[in-house]
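The structure follows.
The values are calculated or read from the model by the stated rules, or taken from the named source; none is laboratory data. These figures come from a predicted structure and were not determined experimentally. Neighbour counts are summed over all protein chains in view; Cβ atoms, including those assigned to glycine, are modelled from backbone coordinates with ideal geometry.
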Amino acid sequence: MFCYQCETAAKGIGCDKVGVCGKQPTTSDLQDLLVHALKGIGFWADLAREKGASDNAIDRFVIEALFTTVTNVDFDDDSVAKVIAEAVGYREQARALFEKANGGAYTGQIPEAAQNWEFPADRAAQLALAQLHGVKDPNVDADIQSIRSTILFGVKGYAAYADHAIILERESDEIYAFTHKALSKLLDDSLGLMDYVELALETGRINLLAMELLNKAHTDRYGHPVPTPVQLGTKAGKAILVSGHDLRFLEELLKQTEGKGINIYTHGEMLPAHGYPGLKKYAHLVGNFGGAWQDQYKEFQDFPGAIIFNTNCIQRPADNYKDRLFTWGRVQYPDVRHIDGWDFSEVIECALACDGFEDNPGKEILVGFGHNAVLGVADKVIEAVKSGAIKHFFLVGGCDGAKSGRNYYTEFAEKAPKDTVILTLACGKYRFNKMDFGDIGGIPRLLDVGQCNDAYSAVQIALALADAFDCGVNDLPLSMILSWYEQKAVAILLTLLHLGIKNIKLGPSLPAFITPNVLNFLVENYNIAPISTAEEDLKQILG
Ligand code: SF4
Ligand code: SF3
């Protein structure tokens, strides 16, 4: 195996024995083969589209399969192998689609990934084949490899958002078309570094589209988030804990558990769900449990009910909660029960058989500061900036993770002066979202914008402020302090670069897949800098 797609890549280089995330070498190799197969589909589907032909089943499959390979989604070899077998079928379907539209076979050079290779039935043969198609190709220049990886990881990241949107019955042909083109271009040895830089920025644009599509799907169905207090304590009754990003999943579970004496708790990236009118109306959506994803191993044992993941980030479960744990959607873990489809009876039965909680009210935190809520008080915010009551905005957000260096984000939020406002999003907020930051003239100093995909909302807020002050986003008193872990953060970073946003501080470490030359390009053109210490960075930003 060799995998370097996330922030915890071993030794800052890559995991080559077993994943720091727990991914086994066999799973990693099979995921590589899946990506190889997807590039093959991309090659044919892109050619077919050039001839005006497309196939929605192929489009959707590629998005779902890409999401399968995102960090902390699928740890199950059998599940990944099943997706590869399907991919080989879709590759032939895409080839046939092209040939029909073309009125004959392709006469150009067919890259290996798109050729007529079979997926063996035997696992040992599958793995032997997989090892031929690892992440690193010794024949490819290191910088090209680096930027190709950046694009691939960005595409994987937005595939997760596009998948949630599909589940909410929203699709975008532009996203599908780009995905095939991008996968196909990853096979094209005639392209140079600047071609790929352009493709990387385009990946950022497509991620913005995916986040917008998802935001629209969420707000059309559940309304715009409104500021909402969320209980961190517990309520007497049976309990189900929902982890992940999929709001439609939560809605269906809320419907199926209504009147059953079961309370639903959110975990991790599900926290912002409490702010949506269409979800908060369910009285049995009672609170938020635990910290960010990396704390699940020690926290889940204290949850006396069923626990279900609908997206990343799942970790190897401890034995003391494994029998209460379920997965859904693209998430799979060996020996953990998987729910296929929309019938949650098994999860409900499990919850009813568990002890449940006693009443133990706790602190409340506020969520629900999407762009609609923040821009609803835009006059107040603008006035506060003009009067000098608000001196600066920080967007402190992104993924959380287990590394000790992530204390930086806690310290940064704590040390940010009292006349500054902190916007936050994604699971990195758990570093500081239970602290009291107070308010500035009634505007809370900590504004939880939502999930990682709500980076869309943060962008809308930034653009509206720039508009109000008649300046560019880079001229606003706004700094972005980002933490990354998995590939959705890569997609979001590419979106910010696509929008021309400069001076981003990124941590806790820089991606292992970025070569010094690619890094230089980012520094020279976007002035991206690694985080240093909270004090130094605050001093440098605020002068
Ligand atoms: Fe290593 Fe991250 Fe890949 Fe897991 S996803 S194997 S931790 S680089
Ligand atoms: Fe977190 Fe996994 Fe990235 Fe949606 S849940 S941000 S790490």
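Residue under question is Y485, and the condition is that it be within 21 Å of L152 (Cα to Cα), crowded, with 24+ Cβ neighbours inside 10 Å and within 16 Å of ligand 1 (Cβ to nearest atom); does it hold?
Spelling it out, Y485 is indeed within 21 Å of L152 (Cα to Cα), crowded, with 24+ Cβ neighbours inside 10 Å and within 16 Å of ligand 1 (Cβ to nearest atom).
Determine which member of the set K156, K185, K181 is without any contact (Cβ under 8 Å) to a residue 60 or more places away in the chain and out of contact with any His (no Cβ under 7 Å at 6 or more places or on another chain).
It is K185.
Can you find, within the range 271-313, the residue that is nearest to ligand 1 (Cβ to nearest atom) among those that are buried (at least 24 other Cβ atoms within 10 Å of the Cβ) and β-branched (V, I, T)?
Of everything passing the filter in the range 271-313, T311 is nearest to ligand 1 (Cβ to nearest atom).
Is the range 450-465 home to any residue that is part of a helix (DSSP H, G or I), away from ligand 2 (no atom under 15 Å from the Cβ), surrounded by fewer than 17 Cβ atoms within 10 Å (Cβ to Cβ) and aliphatic (A, V, I, L, M)?
yes
Let me ask something else. Go through the range 1-46 and count every residue that is buried (at least 24 other Cβ atoms within 10 Å of the Cβ) and over 23 Å from the mean Cα position of the chain (by Cα).
Qualifying residue count, the range 1-46: 5.
So in the range 423-465, with the set limited to residues that are basic (K, R) and touching a Leu at 6+ places or on another chain (Cβ under 9 Å), which one is nearest to G370 (Cα to Cα)?
Ranking the qualifying residues of the range 423-465, first place goes to K429.
Here is a further query. Pick out the one residue from D46, D59, D32 that is in the same structural domain as A182 (by TED's automatic domain parsing), within 16 Å of ligand 1 (Cβ to nearest atom) and among the charged types (D, E, K, R).
Testing whether each residue is in the same structural domain as A182 (by TED's automatic domain parsing), within 16 Å of ligand 1 (Cβ to nearest atom) and among the charged types (D, E, K, R) leaves just D32.
Moving on to the next point. Being within 16 Å of ligand 1 (Cβ to nearest atom) and hydrophobic (A, V, I, L, M, F, W, C): is that true of V73 here?
For V73, the condition - within 16 Å of ligand 1 (Cβ to nearest atom) and hydrophobic (A, V, I, L, M, F, W, C) - is met.
What number of residues within the range 1-26 satisfy the criterion of being among the small types (G, A, S) and within 7 Å of ligand 1 (Cβ to nearest atom)?
So the count comes out to 4.
Among the helices (runs of 4 or more DSSP H) confined wholly to the range 1-117, which include 2 or more residues that are within 16 Å of ligand 2 (Cβ to nearest atom)? Write out each step before concluding.
On the way: elements: 25-50, 56-68, 77-102.
Those helices (runs of 4 or more DSSP H) span 56-68.
Restricting attention to strands (runs of 3 or more DSSP E) lying wholly within the range 244-343, give those where 2 or more residues are within 14 Å of ligand 2 (Cβ to nearest atom) and within 22 Å of L214 (Cα to Cα).
262-267
Another question about this same structure. Does D419 fit the bill of being within 25 Å of N503 (Cα to Cα), within 16 Å of ligand 2 (Cβ to nearest atom) and either charged (D, E, K, R) or in the same structural domain as A534 (by TED's automatic domain parsing) (or both)?
No; evaluated as a whole, the condition is false for this residue.
Still on this structure: Restricted to the range 505-523, and to residues that are in contact (Cβ under 8 Å) with a residue 24 or more places away in the chain and outside any loop (DSSP other than H, G, I, E, B), which residue is surrounded by the fewest Cβ atoms within 10 Å (Cβ to Cβ)?
The qualifying residue surrounded by the fewest Cβ atoms within 10 Å (Cβ to Cβ) is N517.
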